[in-house]
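Below you'll find the structure, written out as structure tokens, and then a few comments.
The values are calculated or read from the model by the stated rules, or taken from the named source; none is laboratory data. Since the structure is predicted, the reported quantities are computational estimates derived from the model, not experimental observations. Positions of Cβ are backbone-derived with ideal geometry, glycine not excepted, and every protein chain shown enters the neighbour counts.
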Amino acid sequence: MNPEIDRRLKLFLNFLRVEKSLAELSVRSYQYDIKKFLDYLSEVKISDLNKVNGGTLNNYVSALSRNRGGRYSAKSINRMLSALRTFFKFLEAEKLVEINPVDDIESLRTKRELPEVLSVDEVIRILNINEKDKIAIRDKAILETMYASGLRVSEVINLKLSDVFAEDGFLRIIGKGSKERIVPIGRDALKAIRDYVKSSRNFLKAKSTETDNTLFLNFRGKKLSRMTIWNIVDKYVKIAGIKKDVHPHTLRHSFATHLLEGGADIRVIQEMLGHSDISTTQIYTHIDREYLINVHRTYHPRS
């Protein structure tokens with residue numbers, strides 16, 4: 001990569017960390033998407049970012065769409081364009097480029113797919129865990145908490161003991177962009193957490209010399225990885241005999257959908273999920289609409 005372009009990329013990534021307070025995972029995502037474009041510029045012999053124009057970007061989008069290693073979806077391409085738009089906006093503000101060439105590039109149209117959702121009965125089957133050992137007790141507490149409060153994977157693995165306000169019935173969550181929010185948590189989840197803290201956490205913590213306040217620990221007494229959460233969800237979905245494509249975010253989708261089906265206001269659900277934009281939450285109204293149609297078809301005598 002051109003040393004000057006590399007310097008500008010490092011400046012931008014530092015801006016995201018320091019000024020925008022983005023999580024390292026988000027910064028790495030920006031880095032991946034932007035570096036992919038910069039590698040493309042090297043291939044087409046463009047070494048000056050001021051030479052990037054609409055034609056360059058349209059050709060890049062076309063290259064992504066017909067990528068030999070597997071074409072990128074419209075959603076993935078739009079994410080990459082969004083990263084580039086932010087990158088060039090920063091460079092323009094710092095007077096490191098003359099214009100932002102991504103401003104005039106329209107995002108690709110995407111078909112908004114409804115996320116997979118579990119029924120209440122399916123959730124109960126997953127949470128019906130045989131607490132035969134300390135790890136199973138921990139796993140139950142994790143899954144109960146994820147469903148009870150609609151947490152993201154990053155939020156559950158970063159949850160601290162001090163973030164659980166059991167007497168008041170809520171969690172303090174540090175979400176995307178280090179934004180703090182308060183989320184209610186139900187009695188069943190709180191009981192699962194208490195059981196875990198009482199019988200498992202100290203046992204796991206004793207395996208590590210770290211003095212971290214992290215709530216959920218692995219068998220080495222350290223913070224869980226994202227992959228561990230995926231494996232936990234996958235394990236108990238299979239035990240429950242559920243054939244749907246279920247991943248950790250499915251519990252979050254199910255949390256929101258079940259609240260909506262129960263009559264909760266969409267704005268309240270937005271606050272609980274930590275969505276900055278109501279349109280992100282509104283996808284659940286489409287799921288609920290399907291639910292209402294299915295109920296009508298099932299029970300109405302002339303449906």
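Observations
- Boolean, LYS160 is in contact with a Gly (Cβ under 7 Å, 6 or more places away or on another chain) and surrounded by fewer than 19 Cβ atoms within 10 Å (Cβ to Cβ): no
- Output for region 45-61, where each listed residue is without any contact (Cβ under 8 Å) to a residue 24 or more places away in the chain and small (Gly, Ala, Ser): GLY55
- Against the list (1) out of contact with any Leu (no Cβ under 7 Å at 6 or more places or on another chain); (2) closer than 23 Å to ASP133 by Cα; (3) without any contact (Cβ under 8 Å) to a residue 60 or more places away in the chain, the condition ARG172 fails is (2).
Per-residue answers, yes or no, for (1) at pLDDT 90 or above; (2) in the same structural domain as LEU16 (by TED's automatic domain parsing); (3) on the phi < 0 side of the Ramachandran plot:
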| residue | (1), (2), (3) |
| --- | --- |
| VAL44 | yes, yes, yes |
| ASN67 | no, yes, yes |
| ARG71 | no, yes, yes |
| SER76 | no, yes, yes |
| THR86 | yes, yes, yes |
| LYS111 | no, no, yes |
| PRO115 | no, no, yes |
| ASN128 | yes, no, yes |
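- Subset tally (residues that are surrounded by fewer than 16 Cβ atoms within 10 Å (Cβ to Cβ) and either touching a His at 6+ places or on another chain (Cβ under 8 Å) or in a helix (DSSP H, G or I) (or both)) for region 170-196: 7
- Taking the conditions (1) under 19 Å from ASP163 (Cα atoms); (2) under 26 Å from the mean Cα position of the chain (by Cα); (3) surrounded by 13 or more Cβ atoms within 10 Å (Cβ to Cβ) in turn, ASP234 satisfies each one other than (1).
- Just one of the listed residues (GLU122, GLU116) is surrounded by fewer than 16 Cβ atoms within 10 Å (Cβ to Cβ), of a type in the set (D, E, K, R), more than 30 Å from GLY55 (Cα to Cα) and within 26 Å of the chain's Cα centre (by Cα), and it is GLU116.
- Residues that are surrounded by fewer than 20 Cβ atoms within 10 Å (Cβ to Cβ), touching a strand residue (DSSP E or B) at 6+ places or on another chain (Cβ under 7 Å), part of a helix (DSSP H, G or I) and modelled with pLDDT under 95 are absent from region 243-255.
- Cβ-Cβ under 9 Å pairs, at least 6 apart or on other chains, region 24-37 side assigned by TED's automatic domain parsing to the domain that holds LEU84 and touching a residue at least 60 places away in the same chain (Cβ under 8 Å), far side part of a helix (DSSP H, G or I) and of a type outside the set (A, V, I, L, M): LEU25/SER154; LEU25/ARG226; SER26/LYS176; SER26/GLY177
- Criterion: at negative phi, without any contact (Cβ under 8 Å) to a residue 24 or more places away in the chain and aliphatic (A, V, I, L, M) - qualifying residue of ILE182, ILE242, ILE232: ILE182
- The set of residues in region 111-157 that are closer than 16 Å to LEU204 by Cα and without any contact (Cβ under 8 Å) to a residue 12 or more places away in the chain comprises LYS132, ASP133, ALA136.
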